[in-house]
Each structure stands twice: as structure tokens, then as C-alpha cells.
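Undergrad: First, the structure itself, so that you have it in front of you.
The values are calculated or read from the model by the stated rules, or taken from the named source; none is laboratory data. Bear in mind the structure is a predicted one, so any value in this text is a computation, not a measurement. Cβ sites come from the backbone with ideal geometry, for glycine too, and all protein chains shown count toward neighbours.
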């Protein structure tokens, strides 16, 4: 396992918590909860149907510890990729800023 894999897994953990937080914490509920659920479901459906697996791109088999390979691993990878993708462009932009130290000029 490389440092990139550790980074990806920590980002995944943060994405899962932030995605699910509105369901158990009333302070994070709001009028946009329905939108978040729709985006989450759409992202997961798209990644599973297209076979997008962000973990496979980095040769990170997330179920290797259990000896699971092949289709089950790809489906789980696609599900988790859907969660990451559902966080949207703002999340990806923030991640790039953190990792690459990008500075975006303000208009």
C-alpha cells in the first residue's frame, strides 16, 4: 500500500461521513437533503452501470484483504466511486487545492 492509497482511503472515509451525516444529525438537514440523496443515487447508478472504479485506476483492490477479486470487487469499487463522485466538482476542486496546493485567483 502506498501513501496515495492511504490518501484515497482517508478521502473516501470523509466522503462517506459527509454524505451520510444529514441522515443522523438534524443540524445538517435542510431543504437540499432531497437533492443530495438524488445526486448520491444517480452517481452510484452511473458508476455501477459504466463500471467506473476509481480504486482500480490506482491498482488499489479494496477487498484484497478478504481475498475477493473480480466482479464483486469491481461492483464495490464502483459503489464507493459513486459516493466520491456524488460529492461533486466543489469537493474535487477542494481536494486538488489541498493536494496540489493550487491557488485560484479571486475575481
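Undergrad: Are there helices (runs of 4 or more DSSP H) fully within region 26-107 with at least 2 residues that are surrounded by 12 or more Cβ atoms within 10 Å (Cβ to Cβ) and at pLDDT below 70? List them.
TA: Counting at least 2 such residues, we get 88-100.
Undergrad: Starting from region 69-88, take each residue that is under 15 Å from residue 11 (Cα atoms) and list its partners that are surrounded by fewer than 15 Cβ atoms within 10 Å (Cβ to Cβ), counting only C-beta distances under 7 angstrom and pairs at least six apart or across chains.
TA: 83/16
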